[in-house]
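The values are calculated or read from the model by the stated rules, or taken from the named source; none is laboratory data. As the structure is a prediction and not an experimental result, all values here were calculated from the model. Don't worry about glycine lacking a Cβ; one is built from the backbone with ideal geometry, like all the others, and counts go over all protein chains shown. In case anyone asks, the SASA skips ligands and DNA or RNA and just uses the protein heavy atoms, side chains included. Shrake-Rupley method; radii C 1.70, N 1.55, O 1.52, S 1.80 Å.
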Amino acid sequence: MSNGDRLPIRYAQQEFQPQRQPQPMKRHHTARHYAHRVRESFTARVTKTLCAIFLSLLLVVGIVMFILWLSLRPHRPRFHMMEFTVPGLAQPSGFENAQITFNVTARNPNQHIGIYYDSMVGSVYYKDQRIGSTPLLDPFFQEPKTTTIVYGTFDAATLTVNSNRWKEFMDDRQQGTVVFRLDITSVIRFKVSTWDSKHHKMHVNCDVAVGPDGMILPTSKDKRCPVYFS
């Protein structure tokens with residue numbers, strides 16, 4: 001076979017390249033560096049653990065404080081109208097001996113808080129016009145979860161009822177109902193253990209209706225009276 005008929009032979013390039021020797025791994029950091037990294041990692045874990053414990057304690061304290069606040073937060077007294085009578089309402093000239101008697105219950109709903117009543121005044125209104133006022137109970141202290149009866153009488157000395165006003169009573173009586181409003185104003189303080197709160201001026205508004213006989217109607221009996229402070 002002539003040279004022209006020979007097939008060219010291609011040799012792989014890698015056969016003629018010298019084998020590269022593996023290079024040794026270079027250590028970029030010293031042993032001291034890695035020891036420092038380990039200490040930092042341990043410190044970070046300890047710090048996270050302490051933060052978690054602190055936040056957990058803070059949460060527990062917050063929950064306890066919230067429960068104490070709920071249990072020690074003062075609730076305003078609850079007043080209910082029990083009796084209200086105008087004995088002379090059936091008499092055309094009853095204004096000459098006009099008299100109004102009433103009693104309401106004052107309930108302290110607090111579990112651990114007492115209430116000092118430093119003063120208490122009752123006033124009666126007819127058509128938003130005050131027709132009488134009188135001091136009520138002497139100063140007293142009300143224990144938690146107890147009820148006190150507040151009673152009073154408006155008579156000729158404390159009522160300002162003339163013949164014209166009594167005629168208005170008679171006109172309403174013909175319709176079957178005479179409506180009054182009893183207001184009780186008191187200055188109170190809350191007592192928690194040995195701590196006393198500041199003074200609060202309390203107002204109690206009791207709308208009450210009486211029938212032709214001057215007796216309280218069932219719709220007004222045992223009715224809860226709104227309470228607000230000023």
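Straight-distance candidates among the lysines for linking to LYS145, with alpha-carbon spacing under 17 Å and chain neighbours fewer than 8 residues away dropped: LYS191.
Net charge around PRO226, counting only other residues with Cβ within less than 12 Å of its Cβ (Lys, Arg = +1; Asp, Glu = -1)? Taking every other residue near PRO226 into account, the sum is +3.
Seen from GLY152, the other residues with C-beta closer than 12 Å to its C-beta sum to a net charge of -3, counting Lys and Arg as +1 and Asp and Glu as -1.
Take every pair of alpha-carbon atoms less than 8 Å apart whose residues are at least six positions apart; their mean separation over the length of the stretch 78-229 yields a relative contact order of 31 percent. For LYS167, the accessible area of its heavy atoms, probed at 1.4 Å with every protein chain present, is near 120 square angstrom.
Net charge in the neighbourhood of PRO92 (other residues with Cβ under 15 Å of its Cβ; Lys, Arg +1, Asp, Glu -1) is -2.
Residues ASP222, ASP155 ordered from highest to lowest accessible area at a 1.4 Å probe: ASP222, ASP155.
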